[in-house]
Every structure is written in C-alpha cells, then in structure tokens.
1. Given the pairs 375/421; 298/327; 245/371; 315/421; 79/138, which are separated by over 23 angstrom at their Cα positions?
2. Expected output is a single nm value to one decimal: the length gained when fully extending between residue 155 and residue 489, i.e. 0.36 nm times separation in residues minus the C-alpha distance. What is it?
3. Using only the alpha carbons of the stretch 225-312, what is the convex hull's orientation-averaged projected area in square nanometres?
4. Can you give me the orientation-averaged projected area of the convex hull built on the Cα atoms of the stretch 279-362, in nm²?
5. Would you mind pulling out the separation of the Cα centroids of the stretch 275-309 and the stretch 136-173, in Å?
6. Averaging the inverse of every distinct alpha carbon separation and then flipping it gives the Kirkwood radius. What is it for the stretch 437-498, in angstrom units?
7. Going by a 4.7 Å Cβ-Cβ cut-off, which cysteines of the chain have no partner at all?
8. Treating only the Cβ of Lys, Arg, Asp and Glu as charged (+1, +1, -1, -1), what charge dipole size does the chain show about its Cα centre? Round to the nearest 20 debye.
Amino acid sequence: MPRRDAARQIEFEAQLGHHVVRHHQSLPPIWFKRLLYSPWKEPSYEMPELEDEESETEKSDFRWNANWYCVALPEDLDKNVPTPLTVLGIPMVLWFDRTQDKWTCFLDQCPHRLAPLSEGRIDENGHLQCSYHGWSFKGDGGCTCIPQASTEGPESRAAASDRARVTSFSVREVHDLLFVWPDAKGAEEAERTPVPLLDELYAEGITRSSVVRDLEYGFDVLAENITDPSHLPFAHHGVGGLRRKQGKPLPLTLQSKGADGFTGVSGGYVFSDSMQSTVEFKAPGRFHYHRVLEKDGKSRESFTCLYMTPTVPGKSRLVLIDAFGVKLPWYFKYLRPRWLAHLQSQDILDGDASFLHWQQVQYANTGASAKEFNKVYFMPTASDRFVIGFRQWLSKFGHGGVQYAAGVDPKIPLAVLPKEKVLNRYEGHTKHCKTCQEALRQIEALRVGLVVAAVLLTASAAVLSSPDWLYARVGLLTVALTASGAAWKLGDVVQLFLFRGYNHHEVGPEKPPMVFSKV
Ligand code: FES
Ligand SMILES: [Fe+2]
C-alpha cells in the first residue's frame with residue numbers, strides 16, 4: 001500500500017474505531033439457524049417458475065473462468081502505477097505497458113519470491129519492476145532484468161528462464177471499458193471470444209457516465225440486486241428522482257432463457273407507466289436495462305448497463321454505466337465533472353450496500369446452498385421474475401454458484417461487518433480511481449490555501465491598527481471568515497470521497513434532502 005494510502009487507512013481505522021462495537025452484530029450460531037430452516041417448509045404460495053424441471057441442475061459445460069469480465073474503466077486508471085485487482089479469487093495486477101501502448105494484466109505474484117507486483121513500479125524502460133528485489137518484466141511476462149544476477153555463467157541466463165516469467169492474462173480494451181480473461185491458459189479461446197459489449201451504448205448521440213465500485217457482497221447477491229427494478233423507489237428514495245410512492249406492481253416477464261442468460265420485458269416502469277423497459281442478462285457478467293419513454297409524441301431512451309465481476313467469495317466488483325439518448329452541450333462536463341458524477345453514483349451504491357452485505361450473511365447463516373434460494377426467500381410477485389430468472393440460470397447452467405480458482409475457499413464470512421467498512425468509499429472506489437484521487441488532491445489543496453489565506457488576512461487586519469483603516473480591517477476579517485467557512489465546508493466534500501453512511505429510516509419522508517450520518 002503506498003504510504004499515502006496507508007496513512008489514510010490508519011486515519012480511517014482510527015476514526016471508525018469507536019463505531020465498530022456499536023455496529024457489530026452478534027448472530028445466532030449456525031446450528032441454531034439450521035434448526036430454524038430445516039426441514040424445509042414448502043411455501044404455501046405457488047411459485048410456478050420454480051416447479052418445472054428447470055429447478056434441477058443440468059449438466060453444463062459453462063466455465064466461469066472462460067469469460068471476459070469487465071474490470072475497469074481506463075479513464076480512471078493511473079498509467080503510471082500498477083493497480084491490484086482480483087477476479088475469481090485470482091490476485092492480479094493491471095499496468096500500462098507504454099512500450100506497446102496497451103494495458104497488461106499479470107498474476108500479482110513475482111516469480112522470484114511471490115511478492116505482490118502491484119506494490120511495484122514502472123521502471124525507466126517502461127517495464128513492471130517488483131519492489132522487493134528489483135526484477136523487471138515486460139508486457140508478455142518475460143523477465144528483462146535480475147539486478148542480482150552475475151553477467152557471466154548460469155546466473156546471466158536466469159532472466160531468460162521460463163521460471164522467471166510472470167503469468168499473464170488476456171486483456172482487451174474496447175471503447176471505454178477494460179476486460180480481463182481470468183484463464184491464463186485460455187489466450188486462444190479469449191482471442192476468438194467477443195467481449196460482452198452493449199453496442200447501443202456507443203451509438204451516435206448517446207451520452208454515458210460510468211463508475212466502478214468494489215462491494216462487500218458477492219456476485220449472486222449483486223446479480224439479484226441489479227435484476228430487481230422493484231427496489232428502486234424504496235432503497236433509493238430521494239436519489240435521482242426516485243420516491244417511495246413510485247412503488248407499485250411491476251409486471252415483469254421473461255421472454256427467453258438459456259445457457260447464455262435471459263431476456264425480459266417490463267410493461268411499465270417505476271418512473272412511469274408509459275415507460276417500457278427491456279432487459280438482458282448476458283451470462284455471466286452483464287445485465288442491462290433499455291428504457292423507452294413515450295412522451296408528447298416523442299420517444300426518449302436510456303440505458304443502465306451493469307458489469308459484475310466475482311472477485312473473492314462474498315465480494316464483487318461492479319462497473320455501472322448509465323447512458324441517455326441525449327447529446328449534452330460541451331460545457332456539461334464542467335457543470336458535472338466526472339468526479340462529481342462518481343460521488344452521486346456512490347449514493348445509489350451505498351443505498352444498496354446497506355442491505356446486501358447483511359442479506360448475504362443472513363443467507364449464509366441459514367446453511368442453505370445457492371440452489372435452495374426458493375426455500376430461503378419468499379418471492380410471490382411478478383416483480384421478482386428477473387431475480388428468479390438469474391437464480392435459475394445460476395442453478396441450471398452456472399453450477400449453482402461462482403467457481404473460484406483452485407485453492408480459494410468458497411465459504412463467505414458469517415459475521416456482519418460494521419457499516420463503516422461496508423460503505424467505505426475510499427477502499428471501494430476512491431483509492432483506485434485516478435479521477436477521484438486527483439479531485440481529492442485539488443480539493444485538499446484548495447482547503448489548505450483557504451486556511452492560509454484566512455490566517456494571512458487576519459494577520460493583516462491586526463497590523464492595520466490605525467482607526468483610519470477600520471473599513472479595510474472589517475473587509476479583511478470578513479473575507480478571512482468566509483475563507484474559513486469555505487475551508488470548513490470543503491472538509492465535508494472530502495468526507496464524501498471516504499465515507500458518507502446511509503440510514504434509510506432517516507431519508508424522507510417523501511422528498512429530499514437526504515439525511516446522512518457521517519463518521
Ligand atoms: S520477490 Fe520480486 S524481485 Fe524478489
Ligand atoms: Fe471516481
């Protein structure tokens with residue numbers, strides 16, 4: 001961890017220290033939960049989708065690691081430093097190979113003594129250098145330098161050895177997205193497999209905004225959440241025009257389903273009955289909504305495209321893309337800079353995270369398998385059809401759950417984390433977002449500048465002791481006071497990059513502003 005990150009982390013841990021005890025939930029032991037749920041009671045409500053042959057697992061040749069996963073937005077990555085990443089439990093490092101002008105992904109393990117290459121640096125030759133003993137590697141994984149090796153004898157040939165190579169993974173950058181193929185031996189298969197791009201997002205006249213967030217809940221809980229439009233008015237009340245009163249029956253229907261995922265349609269949407277929405281789950285990691293609103297004889301379309309990546313058991317990464325069929329004026333990016341859009345997206349993600357980490361732990365504590373979801377959940381309305389569609393795909397084609405790399409324990413922790421950890425924006429986003437890091441640096445610099453200006457202005461006012469300078473003194477002190485106030489308020493903005501908190505019961509009643517708790 002860079003020193004700056006480490007310092008911030010220590011400060012953050014210290015900040016939340018006294019909150020941990022308050023938020024920690026003690027749970028009943030797992031044997032007690034199993035008593036509650038076993039033997040299973042069949043729900044009295046009929047759930048037709050679960051009673052056909054599809055609740056059975058079929059022999060499936062689906063391989064979780066033989067897929068492209070959208071893991072990053074190059075615009076938010078720093079080309080000057082390596083960035084750690086985890087996919088299917090495999091620790092990886094992304095870095096920009098300037099000698100070939102492309103992003104590269106390695107196993108985050110130096111072949112020398114397994115130190116994390118993500119702690120390394122880009123050396124003078126543009127290669128990735130391990131910070132432990134200084135070995136360097138070029139884009140294809142080959143070792144280019146072993147500083148300790150003699151220039152004569154066997155040591156001089158060590159860098160050329162296959163054992164000095166780093167394991168590398170296929171990477172593809174398409175439009176503004178970065179995809180990784182987590183099977184290091186599957187380069188040829190990766191080469192002939194198209195990335196799961198949603199072409200409509202890149203049509204003329206479409207405006208996009210995107211963000212990445214690491215989440216303290218796993219792939220299946222994340223997929224349930226994003227395939228469920230009915231939670232929007234409640235979980236996100238007060239955000240982006242969503243209101244609890246918009247909650248209503250949503251007639252979701254599945255149109256097609258199979259090994260590749262499913263498609264569906266929603267007649268009516270939370271915002272308006274005249275808004276039609278079609279969806280597609282492109283297994284395993286992409287889900288999108290395509291909404292069309294007919295109004296005043298015009299049709300307006302918008303998209304929400306979500307890429308999900310299983311990182312480690314119980315955690316996941318989301319790439320969220322919102323797109324609108326509107327061409328925005330050139331100056332809009334100054335009114336709503338990218339970092340501000342990221343902060344606004346965090347509000348939505350925090351609203352979900354408050355529930356989903358908890359939900360995941362509760363599910364795990366029942367002892368039920370992923371396939372037994374219908375015994376744990378009661379989903380009697382059509383608004384859960386897409387959730388059921390996803391769960392059925394997972395059972396039938398996805399082997400009942402994510403298959404992580406060999407050696408990764410698939411069990412998820414059975415204890416609830418404090419909110420300060422679940423909603424930690426710094427760890428989940430800011431730390432690896434170059435855009436937000438830069439904004440944070442500038443805001444902090446501005447804050448320091450304002451404090452210095454306030455001190456200098458106050459000192460100047462003190463020097464002007466003559467009664468003739470009374471008005472000047474008052475003016476200087478007024479400006480100093482304003483600068484102090486602005487610096488104080490900027491402290492709140494800095495906080496938004498780190499942690500904001502989210503208490504659903506404090507939001508409302510039916511309109512913003514939202515009320516948040518802060519560390
Ligand atoms: S562990 Fe990387 S150079 Fe030694
Ligand atoms: Fe950001």
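All of the numbers you see were taken from the coordinates with simple rules; none came from a lab. Since the structure is predicted, the reported quantities are computational estimates derived from the model, not experimental observations. Heads up, the Cβs are rebuilt from the backbone with ideal geometry, glycines too, and the neighbour counts pull from every protein chain shown.
1. 375/421; 245/371
2. That works out to 114.3 nm of additional length.
3. Averaging across all directions leaves 6.7 nm² for the Cα convex hull.
4. 7.8 nm²
5. Value for the Cα centre distance between the two parts: 46 Å.
6. Computed over the stretch 437-498, the radius equals 12.5 Å.
7. Cysteines lacking a close Cβ partner in the chain: 70, 105, 143, 145, 305.
8. Once rounded to the nearest 20, the dipole reads 1320 debye.
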